[in-house]
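The values are calculated or read from the model by the stated rules, or taken from the named source; none is laboratory data. Note that the structure is predicted; figures quoted are calculated from it, not measured. Here the Cβ is made from the backbone with ideal geometry for all residues, glycine too, and neighbour counts use every protein chain on show. Surface areas here come from the heavy atoms of the whole protein model, side chains and all, with no ligands, DNA or RNA. Shrake-Rupley method; radii C 1.70, N 1.55, O 1.52, S 1.80 Å.
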Amino acid sequence: MRSAGIVDAVRGRRATIVLAVAAALTATATAVAATGAAPRPQVLDYQVYVGGKGRANPRLAPVTIGFINQQGGPPNVNRPQATSVIRAGVRMVNAELGGIHGHPLRLTECFVAEAEEEGVRCGQQFANDRNVKAVLFGFLVNGNQSLYATLRGTKPVIGGVTATASDPTARNAYFLNGSQTSVLGPFGTYTQRALRNVRTVAIVYPNQPGADTAAFALRSAMQRVGRQVTMVATQPLATDLLGAATQASSADMIVPALGFTECVPFARALEQIRYTKPVLSTPLCTAIPRAAYAGGDLPKWTYGIAQTLVNLPGPQSSLFLRKGLQYGTTVNDMLWVFSEIAWEELLATVKIMNRIPYAQLTPARISAGFKAFRGPLVLAAPEVACGKVSPREPAVCGNQTQFYTYLGQGKWKLASGWLKPPTGG
């Protein structure tokens, strides 16, 4: 019954995928014309990408990688979706991508429920297992610093976008998509290319460490393209943001740089004051269930996202969804943002491992592989340069973002191709 359900789900999506691919290609052409960004090559063949094919030989010794994810704790940080998706990815690697040099790929997992000190336990598990070649991140906002302190750089850590203050400078870590600040520079580029009539920008953000860093990065990006910026700070966890929305409303455009808890009340406040000018948002507000918003739908804003939006099917998204379903996960799990990142990390790691002779497959050689890796990424930026994006953030590999406009009722439009920060940023 499970297999039949997966097949039916795949077939059900194919009808929409055929039409959606054509629509996505049309949208890409329109977005390129609007922003001046040239289309980039996409990863559409996993066998070619990782350099292997066929079934891994189960009689050969497995190659082990670690995986850490935040799950098993309170609802606000219990996110098991990425675990389901990376398990499916490992099954795919072993079934049709040849494993690692013909050896089966094996996943050893460790979960953080909530407490920072739980990172010590996971760090010890990975550090003490000599078979673990690298550690991949799922969703992790607690335990990061403890993990790094325990590993002490002995195993490479592979992530997507940094989530804590300890991530960008972590020893022997590689955040493929970028950092909280590096992926915000392109907001200035997009404004310069697609929103030329916008002269004044209001950035609304919670006044707390981490959130203010992102807001200041956005301010810098906007100032580099000649926009006048007003900063509107709110109280952390505020539920009434009408005052902030009113204060920001005189600007030609509002940029909500909000945390999860502020997205819904701020969207409600903008509706109350009938704000109709552009809103260019960071991506966190897309992770809130649509039903939580007034009217049961996401705000019709434009969002900057440092990866491909799977909700808007295109060739890469369709391949990802089809393979995930084929190997046992669900569409709902795959639409979680960190699930897509875990898939991306897995395939990049397999690609790099396959470039290293099996007998020399050590954590040090894998680290060197990521330092030399220039992309492309699956479902993310076509170019990376680990350790070279910013001298202040040696663990960061990327600084590119795409922009998407939400049209309502689950429909999206690609607003740009991959954009980099303004010249000099």
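Using the structure shown, decide if Thr330 is open to solvent by 50 Å² or more (accessible area, probe 1.4 Å), in contact (Cβ under 8 Å) with a residue 12 or more places away in the chain and not acidic (Asp, Glu).
On the way: open to solvent by 50 Å² or more (accessible area, probe 1.4 Å): yes; in contact (Cβ under 8 Å) with a residue 12 or more places away in the chain: yes; not acidic (Asp, Glu): yes.
Answer is yes for this residue.
Working only within segment 42-90, note down all residues that are within 30 Å of Glu118 (Cα to Cα), open to solvent by less than 10 Å² (accessible area, probe 1.4 Å) and not hydroxyl-bearing (Ser, Thr, Tyr).
Within segment 42-90, Val63, Ile65, Gly66, Phe67, Ile68, Asn69, Gln70, Ala82, Val85, Ile86, Ala88, Gly89 meet the criteria.
Out of Ala134, Ala165, report the one residue that is touching a residue at least 40 places away in the same chain (Cβ under 8 Å), of a type in the set (Gly, Ala, Ser) and open to solvent by less than 10 Å² (accessible area, probe 1.4 Å).
Details: Ala165 fails: open to solvent by less than 10 Å² (accessible area, probe 1.4 Å).
The match here is Ala134.
Can you report the number of residues in segment 129-163 which are within 21 Å of the chain's Cα centre (by Cα), of a type outside the set (Gly, Ala, Ser) and part of a loop (DSSP other than H, G, I, E, B)? If you could, list the steps in order and put the result at the bottom.
Start the filter on segment 129-163 by keeping residues that are within 21 Å of the chain's Cα centre (by Cα), which leaves 134-145, 147-148, 156-163.
After this cut, where a residue has to be of a type outside the set (Gly, Ala, Ser) as well, the list is 135-137, 139-142, 144-145, 147-148, 156-158, 161-162.
Still in the list and also part of a loop (DSSP other than H, G, I, E, B): 139-142, 156, 162.
Number of matching residues: 6.
Just to be sure before I move on: is Arg91 part of a loop (DSSP other than H, G, I, E, B), farther than 24 Å from Cys397 by Cβ and at pLDDT 95 or above in the structure I sent? Break it down into steps so the answer makes sense when it comes.
Details: part of a loop (DSSP other than H, G, I, E, B): no; farther than 24 Å from Cys397 by Cβ: yes; at pLDDT 95 or above: yes.
No.
Pairs under 8 Å by beta carbon, first residue without any contact (Cβ under 8 Å) to a residue 60 or more places away in the chain in segment 247-274, partner open to solvent by less than 50 Å² (accessible area, probe 1.4 Å) and of a type in the set (D, E, K, R), six or more apart or different chains?
Sorted first by the residue in segment 247-274, then by its partner, the pairs are Pro256/Glu262.
Out of the residues in segment 75-91 that are in contact with a strand residue (DSSP E or B) (Cβ under 8 Å, 6 or more places away or on another chain) and of a type in the set (S, T, N, Q), state the one that is nearest to Gly138 (Cα to Cα). Steps first, please.
To start, the set of residues in segment 75-91 that are in contact with a strand residue (DSSP E or B) (Cβ under 8 Å, 6 or more places away or on another chain) comprises 77-80, 82-83, 86-87, 90.
If we keep only those that are of a type in the set (S, T, N, Q) too, we end up with 78, 83.
Values: Asn78: 12, Thr83: 7 Å.
In this case the residue turns out to be Thr83.
Can you tell me which residue in segment 243-263 is nearest to Ala194 (Cα to Cα), limited to those that are modelled with pLDDT of 95 or more and open to solvent by 30 Å² or more (accessible area, probe 1.4 Å)?
Asp252
Kindly evaluate Leu335 against the criterion of being open to solvent by 20 Å² or more (accessible area, probe 1.4 Å) and either in contact with a Phe, Trp or Tyr (Cβ under 8 Å, 6 or more places away or on another chain) or of a type in the set (A, V, I, L, M, F, W, C) (or both).
The answer is yes for Leu335.
For segment 267-297, how many residues meet the condition of being open to solvent by less than 30 Å² (accessible area, probe 1.4 Å) and closer than 20 Å to Phe187 by Cα? Spell out how you get there, then give the answer.
Taking segment 267-297 as the starting set, the residues that turn out to be open to solvent by less than 30 Å² (accessible area, probe 1.4 Å) are 267, 269-270, 279-282, 285, 288, 293, 297.
Right, trim to closer than 20 Å to Phe187 by Cα and you get 267, 279-282, 285.
Residues that pass the stated criteria total 6.
Residues are listed down the side, and each one gets a yes or a no for (1) on the phi < 0 side of the Ramachandran plot; (2) touching a Lys or Arg at 6+ places or on another chain (Cβ under 7 Å); (3) open to solvent by 10 Å² or more (accessible area, probe 1.4 Å):
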| site | (1), (2), (3) |
| --- | --- |
| Met92 | yes, yes, no |
| Gly102 | no, no, yes |
| Arg106 | yes, no, yes |
| Phe111 | yes, no, yes |
| Glu114 | yes, no, yes |
| Glu117 | yes, no, yes |
